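Here is the structure we will look at, set down as structure tokens.
The values are calculated or read from the model by the stated rules, or taken from the named source; none is laboratory data. Here the structure is a predicted model, which means the values were calculated and not measured. Here the Cβ is made from the backbone with ideal geometry for all residues, glycine too, and neighbour counts use every protein chain on show. For the accessible areas, the whole protein counts, side chains as well, though only heavy atoms, and no ligand, DNA or RNA atoms are used. Shrake-Rupley method; radii C 1.70, N 1.55, O 1.52, S 1.80 Å.
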There are 4 protein chains.
Amino acid sequence: MSSKAIAVLTSGGDAPGMNAAVRAVVRTGLSHGVRVMGIQRGFNGLLSGEVVEMNLRSVSDIIHRGGTILYTARSPEFNTPAGVQQAASTCRSLGIDGVVVIGGDGSFRGARDLTESGIRCIGIPGTIDNDIASSEYTIGFDTAMNTAVQMVDRLRDTMESHDRCSVVQVMGRRCGDIALQTGIAVGATSILVPEVPYDFQKDIIERMRFTQKTGKKHFIIIVAEGVGGVEKLAQDIQEATGIESRATILGHVQRGGSPTLRDRVVGSEMGSVAATLLYKGKGNRVIVMQGGKIVDLDISEALNMKRVFDKNLYEIAHRISI
Amino acid sequence: MSSKAIAVLTSGGDAPGMNAAVRAVVRTGLSHGVRVMGIQRGFNGLLSGEVVEMNLRSVSDIIHRGGTILYTARSPEFNTPAGVQQAASTCRSLGIDGVVVIGGDGSFRGARDLTESGIRCIGIPGTIDNDIASSEYTIGFDTAMNTAVQMVDRLRDTMESHDRCSVVQVMGRRCGDIALQTGIAVGATSILVPEVPYDFQKDIIERMRFTQKTGKKHFIIIVAEGVGGVEKLAQDIQEATGIESRATILGHVQRGGSPTLRDRVVGSEMGSVAATLLYKGKGNRVIVMQGGKIVDLDISEALNMKRVFDKNLYEIAHRISI
Amino acid sequence: MSSKAIAVLTSGGDAPGMNAAVRAVVRTGLSHGVRVMGIQRGFNGLLSGEVVEMNLRSVSDIIHRGGTILYTARSPEFNTPAGVQQAASTCRSLGIDGVVVIGGDGSFRGARDLTESGIRCIGIPGTIDNDIASSEYTIGFDTAMNTAVQMVDRLRDTMESHDRCSVVQVMGRRCGDIALQTGIAVGATSILVPEVPYDFQKDIIERMRFTQKTGKKHFIIIVAEGVGGVEKLAQDIQEATGIESRATILGHVQRGGSPTLRDRVVGSEMGSVAATLLYKGKGNRVIVMQGGKIVDLDISEALNMKRVFDKNLYEIAHRISI
Amino acid sequence: MSSKAIAVLTSGGDAPGMNAAVRAVVRTGLSHGVRVMGIQRGFNGLLSGEVVEMNLRSVSDIIHRGGTILYTARSPEFNTPAGVQQAASTCRSLGIDGVVVIGGDGSFRGARDLTESGIRCIGIPGTIDNDIASSEYTIGFDTAMNTAVQMVDRLRDTMESHDRCSVVQVMGRRCGDIALQTGIAVGATSILVPEVPYDFQKDIIERMRFTQKTGKKHFIIIVAEGVGGVEKLAQDIQEATGIESRATILGHVQRGGSPTLRDRVVGSEMGSVAATLLYKGKGNRVIVMQGGKIVDLDISEALNMKRVFDKNLYEIAHRISI
């Protein structure tokens, strides 16, 4: 069974690389001889009718752009049985029998619900936080971290000139992956993540004092959003050590920017695989990275997985950032 | 009268391009056959004796680095008659009869005081804020603004994807130049600077509504640090317009980073001119940009000048960012 | 006398910041209540009829993009009396009585010819080479140089790791400004420009040997396109010094990229001033930077000026890059 | 059996991220209570005696720097039985009983030879080309590709403004991975790699004509160094299509620059694992990425593996870059 028309939407927070995925869905769909529609502003577009026909040129010159050309939004109305029914009905009236949903776990639950209403959906993990248990990698993660690293590299210059300590909050509410990898990449003396409780004296102050004795005079502490409290932490560090300390919240800047190569390539590959699955009549799947490869899983199975924090990498960070 | 030894220090907040100026002072001094000393941590180094001899290679591979290899600090002890006397005495004991002081107005006052104690000083404007009345340009200004622009360009991606308004605080306590030029460069709907009072309805809300009618759905408001209040402003905008609004404080990230070409070139030129002036026996001067050229002025004269805000450019911004 | 409609075109090589100028022309024109047309592919658009009406949103989200949304081209057909007559006739039929021409000297000659045929023109200097005698600054110059600097900073890493010499060709056929300022900014041991003849032994080899004795092991030589011959030069250097030497031609990469703040701001200011001049009934002018300020000159007068190479800055480069 | 002293060297072409690996080796070694030596200029340092003791601060502030602080070189003298004997003898006299060798296949053969002479070696894949059969990833690959992507994104601006075709040569002599992933990331119409023969008409001209019919006017062709011939190719394309075509060789710029997050993190992890293996008395191993994980293999086994080109990704590129 092959598709008459497929569609693609981006949902939840935007992430760099979503455009690469949208482009790959559109062009792969068209290469299979299938019509492709773009749904705007997430699932909302299926309620408001913001759906446009896409052709090869609709996705020209977007692979290098941040954000999403389809826009994105949260969609409380869709998250009701009536909303899902209406969305499915819109799809049927437009001849759409399959939808690629690019977003996070919440979006995948929407994809599952819509599949159950008869419209086959395929999820693609698009979120800068890397907080999807079923996939080793989510689109946007690499760009967000490289942005954070570039910003902290700038902070380092001024911290070093003034012999200061910089306490930097990076994104990641439930997931410390951005903090962990950014922390390693910038040589942070301490990295605080939601997955691992920390002891102020042992994990921060003692490490700073130890490296201070070896001659280091400026310090970077990376804190995940889910740990938070960077203003207070900077004050506490200054009081405990006498080293002038400043807090910085990197904020939404981490969401934007031209995607890195990795987000463009992974986005392209996932988008293409998703469109081909829809074309082949598959549904209720998510595209994920496992063992470094792009594979697909059942959505419900994927949603039930538990994230595993990379303790090994965390210990390496502890060992070398000193 | 020629110098036996000259010295160079960086003072106040660090600024990208200070290293270019330090390098140019050192190498120009050496090219004149003069010894050159590096004073560390601003005027403090003259109190603590943190002074090192510089050679051609001491300043290798630094022109592209942010911050200052001489470190910088505020120096309350120096700002007393006794402090100045001690600093002058240190200079004499080290054979230093001229000092290049890279920093802001406060540092220039120190340079004047030290000159009056018998050590000829030449000031170079090094501060990201462009807040020195006597000079059209201060070292670090271009890098700081380009950093701000790159960060707001990233915010734009995510604001556009979500149809949001972004209220962004950039540096500039007394001086709105960073805000003005950054605002023009990112196409900000409104630019708030300390030099011009603003009317919330007329200067923000009405402009947003006007452009909204022409089809625009995402907005950037740039606010100088000296105006502040971005969190409140974002809330007020959201209430008044219904457009989801987010505040971002760019912070110290603007201070660091590899200097732009302009800061490297202007820093090099100012540093070289300053060292040559010292070599020729001049003192109590500041190097400034006037009419696009590098010239020198009497320090006291320079300190008495009044800054003039570029109203003309401000009006152009108002006209085209709509 | 005020305009019914004005138009804007970009001509010759593209330059980052042209979009800022186009945007400023369009919005300033509209703010004066004048219709504004966009002419595509330079003067060609007036022959082929590629002219589109512009509104406030036609120039949204372009200030940060490289290239030119109006496209550009050389136009041999226009450079004939018949071509100019046809272009003027197209303007009259579309109600266009003034045109802003963004480009280099060749484009300004076209602007003068078109003015003589009754269509008032205003030139804006847009070319990365900074090769327009009448203006201290041309739009695109700052971005091109910062791109070159970033690329040479990358080369520096690998040259340093291998103790090599890198001979790098940057843009600038008749004008050595890109080479001079880029050379200063990257700390080039020698800078070769078309304006100053060089002696291989004295200006390259002796300088390399001198710095080698002070401990330097890697070298950068910057060569303007108008001097050329970098492959041969790299071989000659390697033979003369025994230091492994590599040639790199940076090429068209220097033309593109998101414009720097300076090119966005200068482009905005020049574009706005040009549109206001047209609105006020002026013509046959070019907008230039003189003494750091934006002013306007008679086109023919501007075209007759002679470029002056900054010998002073060249000597500073010689003194400090050692 | 534990080590008395271990050492680290970088060999072959430099790659961004080598410093992260060096830093991780040094600090992990020290954390195990082992002395760590830095060998300069590859295996040469073992012949010339350029070996320095490293401490925690020897590797401060290097994780964000391109190149390698240990310098690198080819070493024909080492590649003889006498050379290997002398190197082993140097190690013994310095108390070094294990060496981490960061480089490519050639360096791994050196590591194997040195192991056979009694000095346990561990290899780490450091080369921008990703041309090591045993590892899915080599340090420097991500940075080199992101640099290439940023440069081609700049070219795109100017190609688009002029309706041109850009033929770009990227690094990769035997391995098309840089070309393949860069080509996907920039939306190249054709990607030429050494692993897949190409047909000029079918793989380039017909694809250009097809997309031209859909409205596309500017084109990017990515060519691996191992395919080469970009000047000729640009001419042929221009003749066949009438579209103005330009060749660009990106060159050594791709080698340098501040490493991306990925190269910093993978470098850190591989370096740390290698030092711990040496500490535990292991030798003759290489650290590789397999299935997305960092594992170790026997060197000889690794050297005998055959590279497999990712045909699947190549076909996706073909499908979506149109």
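Structure values in brief
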read-out: Total residues in the range B:249-266, condition open to solvent by 10 Å² or more (accessible area, probe 1.4 Å) and either among the basic types (Lys, Arg) or under 26 Å from B:Glu195 (Cα atoms) (or both); value: 5
read-out: Which listed residue, of C:Glu231, C:Glu206, C:Glu239, C:Glu195, is open to solvent by 50 Å² or more (accessible area, probe 1.4 Å) and either modelled with pLDDT under 95 or not in a helix (DSSP H, G or I) (or both); value: C:Glu195
read-out: Count of residues meeting criterion [part of a helix (DSSP H, G or I), closer than 26 Å to D:Thr147 by Cβ and open to solvent by 20 Å² or more (accessible area, probe 1.4 Å)] in the range A:267-300; value: 1
read-out: Extreme residue, least open to solvent (accessible area, probe 1.4 Å), among residues of the range D:1-48 that are basic (Lys, Arg) and assigned to a loop (DSSP other than H, G, I, E, B); value: D:Arg41
read-out: Hey, D:Asp203 free of Cβ contacts under 8 Å to residues at least 24 places away in the same chain, more than 18 Å from D:Gly126 (Cα to Cα) and out of contact with any Leu (no Cβ under 7 Å at 6 or more places or on another chain) or not; value: yes
read-out: Filtered residues of the range B:92-106 (kept if open to solvent by less than 10 Å² (accessible area, probe 1.4 Å) and of a type outside the set (A, V, I, L, M)); value: B:Gly98, B:Gly103
read-out: Output for the range B:301-311, where each listed residue is of a type outside the set (Asp, Glu) and open to solvent by 40 Å² or more (accessible area, probe 1.4 Å); value: B:Asn304, B:Met305, B:Lys306, B:Arg307, B:Val308, B:Lys311
read-out: Single residue of A:Ile249, A:Ile299 found to be more than 13 Å from every other protein chain (Cβ to nearest Cβ) and in contact with a strand residue (DSSP E or B) (Cβ under 6 Å, 6 or more places away or on another chain); value: A:Ile299
read-out: Selection from the range C:262-296 of residues that are small (Gly, Ala, Ser), within 14 Å of another protein chain (Cβ to nearest Cβ) and out of contact with any helix residue (DSSP H, G or I) (no Cβ under 9 Å at 6 or more places or on another chain); value: C:Gly291, C:Gly292
read-out: Any chance B:Ile128 is among the hydrophobic types (A, V, I, L, M, F, W, C) and away from chain A (no Cβ under 12 Å); value: no
read-out: Restricting the range C:107-125 to residues that are over 15 Å from C:Gly38 (Cβ atoms) and aliphatic (A, V, I, L, M), the residue that is surrounded by the fewest Cβ atoms within 10 Å (Cβ to Cβ); value: C:Ile119
read-out: Qualifying positions in the range B:209-228 - of a type outside the set (A, V, I, L, M, F, W, C) and crowded, with 21+ Cβ neighbours inside 10 Å; value: B:His218, B:Glu225
read-out: Any hit, the range C:225-244, residues being within 13 Å of chain D (Cβ to nearest Cβ) and within 30 Å of C:Thr72 (Cα to Cα); value: yes
read-out: Selected residue [β-branched (Val, Ile, Thr) and over 26 Å from C:Asn312 (Cβ atoms)] from C:Thr189, C:Thr158, C:Thr143, C:Thr182; value: C:Thr158
read-out: Unique residue being within 29 Å of C:His218 (Cβ to Cβ) and either among the hydrophobic types (A, V, I, L, M, F, W, C) or part of a loop (DSSP other than H, G, I, E, B) (or both) when the list is C:Asn79, C:Asn130, C:Asn146; value: C:Asn130
read-out: Residue that is at positive phi, touching a residue at least 40 places away in the same chain (Cβ under 8 Å), of a type outside the set (Ser, Thr, Tyr) and not assigned by TED's automatic domain parsing to the domain that holds C:Thr182, where the choices are C:Gly292, C:Gly271; value: C:Gly292
read-out: Residue count for the range A:49-79, restricted to those that are within 14 Å of chain B (Cβ to nearest Cβ), open to solvent by less than 50 Å² (accessible area, probe 1.4 Å) and within 27 Å of B:Gln150 (Cα to Cα); value: 9
read-out: Residue list for the range C:159-181, filter: within 14 Å of chain D (Cβ to nearest Cβ) and either in a loop (DSSP other than H, G, I, E, B) or open to solvent by less than 10 Å² (accessible area, probe 1.4 Å) (or both); value: C:Met159, C:Ser161, C:Asp163, C:Arg164, C:Cys165, C:Ser166, C:Val167, C:Val168, C:Val170, C:Met171
read-out: Every residue from the range B:130-149 that is surrounded by fewer than 24 Cβ atoms within 10 Å (Cβ to Cβ) and under 15 Å from B:Pro259 (Cα atoms); value: B:Tyr137
read-out: Single condition D:Lys216 does not satisfy, out of (1) part of a loop (DSSP other than H, G, I, E, B); (2) within 14 Å of another protein chain (Cβ to nearest Cβ); (3) within 19 Å of the chain's Cα centre (by Cα); value: (3)
read-out: Failed condition for C:Ile322, given (1) more than 23 Å from the chain's Cα centre (by Cα); (2) away from chain B (no Cβ under 14 Å); value: (2)
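Let's see how each residue does on (1) basic (Lys, Arg); (2) farther than 20 Å from C:Ile128 by Cβ:
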{"position": "C:Gly42", "(1), (2)": "no, no"}
{"position": "C:Val52", "(1), (2)": "no, yes"}
{"position": "C:Arg57", "(1), (2)": "yes, yes"}
{"position": "C:His64", "(1), (2)": "no, no"}
{"position": "C:Tyr71", "(1), (2)": "no, no"}
{"position": "C:Phe78", "(1), (2)": "no, yes"}
{"position": "C:Pro81", "(1), (2)": "no, yes"}
{"position": "C:Gln85", "(1), (2)": "no, yes"}
{"position": "C:Thr90", "(1), (2)": "no, yes"}
